[in-house]
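The structure under discussion appears below in the form of structure tokens.
The values are calculated or read from the model by the stated rules, or taken from the named source; none is laboratory data. Every value quoted in this text rests on a predicted model; they were computed, and no experiment measured them. Don't worry about glycine lacking a Cβ; one is built from the backbone with ideal geometry, like all the others, and counts go over all protein chains shown.
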Amino acid sequence: MQAQAVERSLTGERAVTSGRRRVVGGRTFWFWVFVAPFLAGLLTFVYVPIVWSGYLSLFDARNTVTPRPDQFVGFGNYVSLLTDKAFLTSLGTFMVFTVVIVPLTYAFSLGLALLLQRIRVARTFFRSVFFIPTAVSYVIAAMIWRLSLFNGARFGMVNTIVRSLGGTAVGWLSGDTPVYWVVLVSLRLWLQSGFYMILFIAGLNRIGQDMYEAAALDGATGWKLFRHITWPQLASTTAAIVLLLVISAFQAFDEFYNTLATIGGYPPFARPPLVYLYLISLGGGSQNLGLGSAGTMILTLVIVVFGVVQLVGTRRLEAKR
Amino acid sequence: MTHHAPLGGRGISRRGLLAASTGIAATAVLSACGTNSGLSSSSSSSSVGKANLSQWYHEYGEDGVQAAVTKYAAAYPKASVSVKWTTGDYEKAVSAALLTQTVPDVFEYANGPTADMILAGEVLDLTDVLGSAKSQFNASIITPRIFRDKIWAIPQTIDMQMLYYRKSLFDKAGLQPPTTFAALVDAAAKLTTKDVGGFYAGSDSGVGVLGLLLLWAAGFNSISSDGKNVDFDDPAFYSALAAYKAFRDGTGLLRNASAEWYDAAPFINGEAAMQWTGLWALPKVKAALGDDFGVAAFPAIGSAGKPAVAAGAYGACVAAKGTDPDAAKAFVKWLWVDQEDDQVEFSTAFGTHIPAKPALAAKATPLASGAGAAAAKLVADNGHVPDIRWTTAIGTAYSSALTNIIVKGADPKTELAAVVSTAKTELAKLA
């Protein structure tokens, strides 16, 4: 659905609603034929596990998904996580990370989309070039970043450049200085910008050409055109993208884990809450499912709060206009 | 979410069990890139009245292991045993399977089952299976894995980590292999040149792999004798960590190389004069450097310290909910206690490992002389295995503290206080 809409917007094609036809077997029947499998999947694999997690989070459930009554600990798991300095640090770090990465990815993807709207030559080619990283596995990308580009040895790719400019090799992931953020942020931008760029292009294509023409007649060009036409018209796209970006910032796992984890463990810096929860609840084949569930409940709550705040904020802004 | 290895590769699968040293076992992640199909192979004879048992292995990186374990299973006369060769994240696969109704009857697990598995009643006590044969096994492998006075796994074969050093470089500089940490620091600094680093133990400066070794080499255990706290919350250990931090800040410690510590490539390429890596690297190092290398333990730190090497062994476990637990126990006894020829073959025909019974090491050609023999002796004299009570949560807290102390320069006492707090909570649950 979303892909089709994007495609339509990309080609500038308008959705055409075909005339209603008589449906054999009744609409309700076919509605359930198509919806039931997905609904069943959603219930089984999404909602039941969420509810079950909530239940497990109240038990000291180790190596079991059906805890005994004597393993009931009430909110003990929540208390131990919320008094765990490492967990709180990871939450704090990732709130800061969110505040930085969301505007950065947003600006970067919007910039790419605007640039690609302007060029006349090889537009499809460049769209594909910037979109392809989205299709790359996070694991593979993390390995390229870690082993090749930002390898801390003197012969790492970036270090070779640094040395040729007269600098000394940098230990990108060693943790001495926060340069590991350069690695992680560049990796995330590379992996994700292409996708949001496509969403922005779709949004840009929905702005009618007549708006720009009218503005041009009033003498608006360049920045003014962007400030007063493009930007406000992208409001709904922006709201959706920011929400997606916030969620994905809190769900950070793959590229962090694969960039920074070693066989000995994961360093205490740049450690997303999900990675920390993974380590303490499932690391090394352990199954501290109660603690892990409590952690995911806390994280879900944080994401919900962020989402609601953002939604309310967007509504207020729109109402003002 | 994908939970793949940061680095996967063939031929390195057994070393993951040693990774439990700081809590995050990466056994499975290490074997993620193998080539086997993961299909189960069943032994042929399945007559009426015989028990049907399933036996799970993780994917060993070395060629021939799968064929060998299938052959052992097929040769067992009293039950029909089907081998399941599990690719991917083995530990997760086993712990998930143990929650279901179709559990593996017999399975291997890094250093034996976890304390949580035992407390949840997922595995059976194998004390009687080992019986009087216990004395034939390497005590340093068995003792730290005893939980509530019972033995829960039979060690299959021992793998270990040690210090490799270049003899020619030491001779040229007029140095002896280090037996104290001060000597290691001194040698590393003297051997460092523009192109060759002194000592290498991974791009995290050794925090990951040397975590437990530092405390063993400083003369401590991971868990105190009463089982209620860690053993190393002590000024002598604060000094040991400060010494390691100074070493890292100096010139002798190579911080980055072409590969991680578990790959001997940096040592073979001449990037470092000394490297901490595993016994598994021995065949490659020998082929590349001939006699120009030696092996040693991690040297003693401080006046109460003792040299130490890390050892580990996959242990054969029996699931409590299996189809026929008694038959499964009998099979484990037959294969891992009685069949000594198979045990020697399993240890030494596919890469170099050390049989869990020291007497068998003499029968194994690669361990008869040279560095192989030295490695076997290091395990017997200086070997340490992670304590079964050293849980993932304690390990995570400990490795975080170590990074903060060694990399970020935090105060050892404050940082270790956080480990003590985690450990006390965890250990109270295991008491």
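Being in a helix (DSSP H, G or I) and surrounded by 16 or more Cβ atoms within 10 Å (Cβ to Cβ) narrows it down to one residue among B:A246, B:A240; which is it? Please lay out each step first, then the result.
Numbers: B:A246 fails: surrounded by 16 or more Cβ atoms within 10 Å (Cβ to Cβ).
Matching residue, one of B:A246, B:A240: B:A240.
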Of all residues in the range B:268-281, count the ones that are closer than 24 Å to B:H384 by Cα and buried (at least 24 other Cβ atoms within 10 Å of the Cβ).
7
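Within 14 Å of chain A (Cβ to nearest Cβ) and either part of a helix (DSSP H, G or I) or in contact with an Asp or Glu (Cβ under 6 Å, 6 or more places away or on another chain) (or both), is that true of B:I141?
On the way: within 14 Å of chain A (Cβ to nearest Cβ): no; either part of a helix (DSSP H, G or I) or in contact with an Asp or Glu (Cβ under 6 Å, 6 or more places away or on another chain) (or both): yes.
Judged against the criteria, B:I141 is not a match.
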Which one of B:G315, B:G409 is touching a residue at least 60 places away in the same chain (Cβ under 8 Å) and on the phi > 0 side of the Ramachandran plot?
B:G409
If you go through B:A93, B:A74, B:A133, B:A68, the only one that is part of a helix (DSSP H, G or I), surrounded by fewer than 22 Cβ atoms within 10 Å (Cβ to Cβ) and within 14 Å of chain A (Cβ to nearest Cβ) is B:A93
Tally, over the range B:394-431, of residues that are within 29 Å of A:N63 (Cβ to Cβ), surrounded by 21 or more Cβ atoms within 10 Å (Cβ to Cβ) and of a type in the set (V, I, T):
5
Go through the range A:233-254 and count every residue that is at the interface with another protein chain (Cβ under 10 Å from one of its Cβ atoms) and part of a helix (DSSP H, G or I).
1
Could you please find all residues in the range B:150-175 being assigned by TED's automatic domain parsing to the domain that holds B:P299, touching a helix residue (DSSP H, G or I) at 6+ places or on another chain (Cβ under 7 Å) and either among the basic types (K, R) or free of Cβ contacts under 8 Å to residues at least 40 places away in the same chain (or both)?
B:A173, B:L175
Can you tell me which residue in the range A:115-135 is farthest from the other protein chains (Cβ to nearest Cβ), limited to those that are exposed (fewer than 14 other Cβ atoms within 10 Å of the Cβ) and among the β-branched types (V, I, T)?
A:V121
Against the definition (basic (K, R) and within 21 Å of the chain's Cα centre (by Cα)), how does B:K333 come out, yes or no?
no
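Filter the range A:73-94 down to the residues that are part of a helix (DSSP H, G or I) and without any contact (Cβ under 8 Å) to a residue 60 or more places away in the chain and list them by number. Break it down stepwise before answering.
Residues of the range A:73-94 part of a helix (DSSP H, G or I): A:76-82, A:85-94.
Scanning the range A:73-94 gives A:G76, A:V79, A:K85, A:L88, A:G92.
From B:L212, B:L282, B:L289, which residue is over 22 Å from the mean Cα position of the chain (by Cα) and in contact (Cβ under 8 Å) with a residue 60 or more places away in the chain? Break it down into steps so the answer makes sense when it comes.
Values: B:L212 fails: over 22 Å from the mean Cα position of the chain (by Cα); B:L282 fails: over 22 Å from the mean Cα position of the chain (by Cα).
Answer to the check: B:L289.
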Give me a count of the residues in the range B:249-292 that are farther than 20 Å from B:S369 by Cβ and in a helix (DSSP H, G or I).
5
With the requirement that a residue be within 14 Å of chain A (Cβ to nearest Cβ), in a helix (DSSP H, G or I) and either basic (K, R) or touching a Lys or Arg at 6+ places or on another chain (Cβ under 9 Å) (or both), what does the range B:381-398 give you?
none
If I ask for residues that are crowded, with 18+ Cβ neighbours inside 10 Å, more than 20 Å from the chain's Cα centre (by Cα) and more than 11 Å from every other protein chain (Cβ to nearest Cβ), which ones from the range B:96-109 would you list?
B:A97, B:V103, B:P104, B:D105, B:V106
Would you confirm, using the coordinates I've provided, whether B:V81 is buried (at least 18 other Cβ atoms within 10 Å of the Cβ), β-branched (V, I, T) and closer than 19 Å to B:K333 by Cβ?
yes
The one condition in (1) within 14 Å of another protein chain (Cβ to nearest Cβ); (2) in contact with a helix residue (DSSP H, G or I) (Cβ under 8 Å, 6 or more places away or on another chain); (3) at pLDDT 95 or above that A:Y106 fails to fulfil
(1)
Verdict on B:K363 being in contact with a helix residue (DSSP H, G or I) (Cβ under 9 Å, 6 or more places away or on another chain), modelled with pLDDT of 90 or more and either more than 26 Å from B:D159 (Cα to Cα) or outside any helix (DSSP H, G or I) (or both):
no
Residue that is under 30 Å from B:A218 (Cβ atoms) and not assigned by TED's automatic domain parsing to the domain that holds B:T179, where the choices are B:A304, B:A265, B:A319, B:A371:
B:A371
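How about the range A:54-64: which of its residues are crowded, with 16+ Cβ neighbours inside 10 Å and either facing another protein chain (nearest Cβ under 10 Å) or more than 10 Å from A:L291 (Cα to Cα) (or both)?
Of the residues in the range A:54-64, the ones crowded, with 16+ Cβ neighbours inside 10 Å are A:56-64.
A:D60, A:A61, A:R62, A:N63, A:T64 - these are the residues of the range A:54-64 that are crowded, with 16+ Cβ neighbours inside 10 Å and either facing another protein chain (nearest Cβ under 10 Å) or more than 10 Å from A:L291 (Cα to Cα) (or both).
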Residue in the range B:110-121 that is farthest from the other protein chains (Cβ to nearest Cβ), counting only those that are crowded, with 24+ Cβ neighbours inside 10 Å and part of a loop (DSSP other than H, G, I, E, B):
B:G112
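On the basis of being surrounded by 13 or more Cβ atoms within 10 Å (Cβ to Cβ), of a type outside the set (S, T, N, Q) and assigned to a helix (DSSP H, G or I), does A:F38 make the cut? Steps first, please.
Values: surrounded by 13 or more Cβ atoms within 10 Å (Cβ to Cβ): no; of a type outside the set (S, T, N, Q): yes; assigned to a helix (DSSP H, G or I): yes.
When the stated conditions are applied, A:F38 does not pass them.
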